[in-house]
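K.L.:
The structure follows.
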Amino acid sequence: MQHKTPIAILISGRGSNMRALIESCARPDYPARIALVLSNNPDAPGLDVARAAGLTAQAIDHRPYKKDRAAHERALDAALRAAGVDYVCLAGYMRLLTPFLTTAWRGRMLNIHPSLLPAFPGLHTHERALEAGSRIHGCTVHWVTEGMDEGPIIGQAAVPVLADDTPDMLGARVLRQEHRLYPAALHRVLAPDAAPAAATSDCLLSV
Ligand code: GAR
């Protein structure tokens, strides 16, 4: 049986990337297990997905903390430590982090972002890629550092931009690759000696 590193997943919404990680972690040979799912949003649909999969899923609502982001993060940090997790995967966690959390988890916190960083950090990445006339778009898994969407890149998956793409069509194409990339990138981090994922015909995945 493969040693499984305990991880947490932080979400804010539907949690489809979380679901991809749940499916990978269910495999006996995958090097992670999910010890905790946390959300800043008590209404995040992903919390129900996690609970239905038998996972511990907890909401720590940011709203009572008002502008005190660090106080909210101290509560997150306490929950992560109580669960004994070694790595944290941000998966559609839509809060800017303060240096408190990024420093506390430096080298142990990953994020997935829906663009080929360093292009298009921030929001509305698919609209911006179309507006810019990009011919290639994609997604990135990177280490979390203090700057938003700036940390060292662990892996990327690229997709073509097609002539008639709308932001939704392009976003759906990218999301399919996010679901492949995140498990592959986390695998790379936790089991660096394993063979890297190969490029496939529908995209280029590099971790
Ligand atoms: C994903 O596309 C993820 O890359 C993006 O939010 C979506 C969450 O979807 N994250 C960011 O934009 C972070 N800057 P999901 O909840 O279905 O995984």
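K.L.:
So which strands (runs of 3 or more DSSP E) stay within region 1-63 end to end and still have 3 or more residues that are touching a helix residue (DSSP H, G or I) at 6+ places or on another chain (Cβ under 7 Å) and closer than 23 Å to Pro192 by Cβ?
P.N.:
Details: elements: 5-11, 32-39, 57-59.
Hits in region 1-63: 5-11, 32-39.
K.L.:
Among the residues of region 99-145 satisfying the criterion of being within 18 Å of Met18 (Cβ to Cβ) and aliphatic (A, V, I, L, M), which is nearest to the ligand (Cβ to nearest atom)?
P.N.:
Only one residue tops the list, namely Ile112.
K.L.:
Something else now. Just to check your reading of the model, which residue among Arg106, Arg19 is touching a His at 6+ places or on another chain (Cβ under 9 Å) and open to solvent by 60 Å² or more (accessible area, probe 1.4 Å)?
P.N.:
On the way: Arg106 fails: touching a His at 6+ places or on another chain (Cβ under 9 Å).
Testing whether each residue is touching a His at 6+ places or on another chain (Cβ under 9 Å) and open to solvent by 60 Å² or more (accessible area, probe 1.4 Å) leaves just Arg19.
K.L.:
Moving to a separate point now. Has region 38-52 got at least one residue that is β-branched (Val, Ile, Thr), modelled with pLDDT of 95 or more, surrounded by 13 or more Cβ atoms within 10 Å (Cβ to Cβ) and in contact with a strand residue (DSSP E or B) (Cβ under 7 Å, 6 or more places away or on another chain)? I'd like the intermediate steps shown before the answer.
P.N.:
As a first pass, look at region 38-52 and keep what is β-branched (Val, Ile, Thr): 49.
After this cut, where a residue has to be modelled with pLDDT of 95 or more as well, the list is 49.
Add one more test, that the residue is surrounded by 13 or more Cβ atoms within 10 Å (Cβ to Cβ), and what stays is 49.
Now narrow it down to the ones that are in contact with a strand residue (DSSP E or B) (Cβ under 7 Å, 6 or more places away or on another chain): none.
Within region 38-52, none of the residues are β-branched (Val, Ile, Thr), modelled with pLDDT of 95 or more, surrounded by 13 or more Cβ atoms within 10 Å (Cβ to Cβ) and in contact with a strand residue (DSSP E or B) (Cβ under 7 Å, 6 or more places away or on another chain).
K.L.:
Could you check Leu76 against (1) outside any helix (DSSP H, G or I); (2) crowded, with 22+ Cβ neighbours inside 10 Å; (3) away from the ligand (no atom under 16 Å from the Cβ) and say which number it fails?
P.N.:
(1)
K.L.:
Does Leu96 satisfy the criteria of being of a type outside the set (Phe, Trp, Tyr), within 26 Å of Cys203 (Cβ to Cβ) and within 16 Å of the ligand (Cβ to nearest atom)? If you could, list the steps in order and put the result at the bottom.
P.N.:
Working: of a type outside the set (Phe, Trp, Tyr): yes; within 26 Å of Cys203 (Cβ to Cβ): no; within 16 Å of the ligand (Cβ to nearest atom): yes.
No.
The values are calculated or read from the model by the stated rules, or taken from the named source; none is laboratory data. Bear in mind that the values here come from a model prediction, so they are computed numbers and not experimental data. FYI the Cβ positions are ideal-geometry reconstructions off the backbone, even for glycines, and counts take in every protein chain you see. We work out accessible area using only protein heavy atoms, side chains counted, and drop any ligands, DNA or RNA first. Shrake-Rupley method; radii C 1.70, N 1.55, O 1.52, S 1.80 Å.
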